[in-house]
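The values are calculated or read from the model by the stated rules, or taken from the named source; none is laboratory data. Only a predicted model underlies this, so the values are computations on that prediction, with no experimental measurement involved. Glycine gets a Cβ as well: all are built from the backbone with ideal geometry, and neighbour counts include every protein chain shown. Side chains are part of the model used for accessible areas, which takes the heavy atoms of the whole protein and leaves out ligands, DNA and RNA. Shrake-Rupley method; radii C 1.70, N 1.55, O 1.52, S 1.80 Å.
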Amino acid sequence: MSVTFTVNGERRTVEVPEDTPLLWVLRDTLQLKGTKYSCGVAVCGACTVDVDGQAVRACVTPVSAVQDGRVTTIESLGGEGLHTLQRIWIEEEVPQCGYCQPGFLMQAALLLERTPEPTDAEIDREMAGNLCRCGTYSRVRRAIHRAARERKEAGHG
């Protein structure tokens, strides 16, 4: 089956079975290795990508579901440079092993688009589907609050 969608601003057509998980199309067909495989059943959030403005678990989303859609992965989150969240993530030393961080960053970016000044409860609720074996949840919350403040000061929210 031919599936055509926009990934990171580039229109792409892939020839794969329609039920192929989006994760494998991104990683194996399009060579976008930033989106991680972890649980394979949509409970950990490591494979989170932005599909038309919604957080989607790429490991269980068939590529046919993104026909004519827009997919953004961690590779283009910041455009040409680091996204505010990525810079702050580094400055706040959020990651330890880092494996789950692409999913966390994608989820956090979507949260800030919808909720420019999230409360602790809103952050906890939104990020609850992203699991970190290293337990950096308090750093994640601190980084999201800092990014929200910086975006507000810059007039982006």
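Numbers below:
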| read-out | value |
| --- | --- |
| Cα-based shape type of region 75-157, given that a ≥ b ≥ c are square roots of the gyration tensor eigenvalues and the cut on a/c is 1.5 | oblate |
| Other-chain or far-sequence residues with amide H under 5 Å of VAL7's (modelled H) | ARG12, VAL71 |
| Relative contact order (%) - region 14-146, alpha-carbon pairs under 8 angstrom, separation at least six | 26 |
| Heavy-atom accessible surface of the chain: percent carbon and sulfur, 1.4 Å | 48 |
| Whether region 35-112 is rounded, prolate or oblate, judged on the alpha carbon gyration tensor where a/c under 1.5 counts as rounded | oblate |
| Test item: Cα-centred dipole of the chain, Lys/Arg +1 and Asp/Glu -1 on Cβ, debye | 340 |
| Low-density loop cleavage sites - GluC sites (Glu not before Pro) in region 7-85, where at most 12 other Cβ are within 10 Å (DSSP) | GLU18, GLU80 |
| Helix-derived mean residue ellipticity, 222 nm - over the chain, DSSP H n ≥ 4, -39500 (n - 2.57), to 500 | -9000 deg cm²/dmol |
| Antiparallel content of DSSP bridges confined to the chain, in %, to 5 | 85 |
| Signed unit charges on C-beta, dipole axis of the chain, positive-most listed residue THR13, TRP89, THR136 | THR136 |
| Estimated inter-spin distance, GLU15 and ALA128, nm [label 7 Å along Cα→Cβ] | 4.5 |
| Average accessible surface area per residue within region 19-157, 1.4 Å rolling probe, Å² | 49 |
| Dipole of the chain, positive direction: furthest Cα of CYS59, ALA108, HIS145, with charges on the beta-carbon | HIS145 |
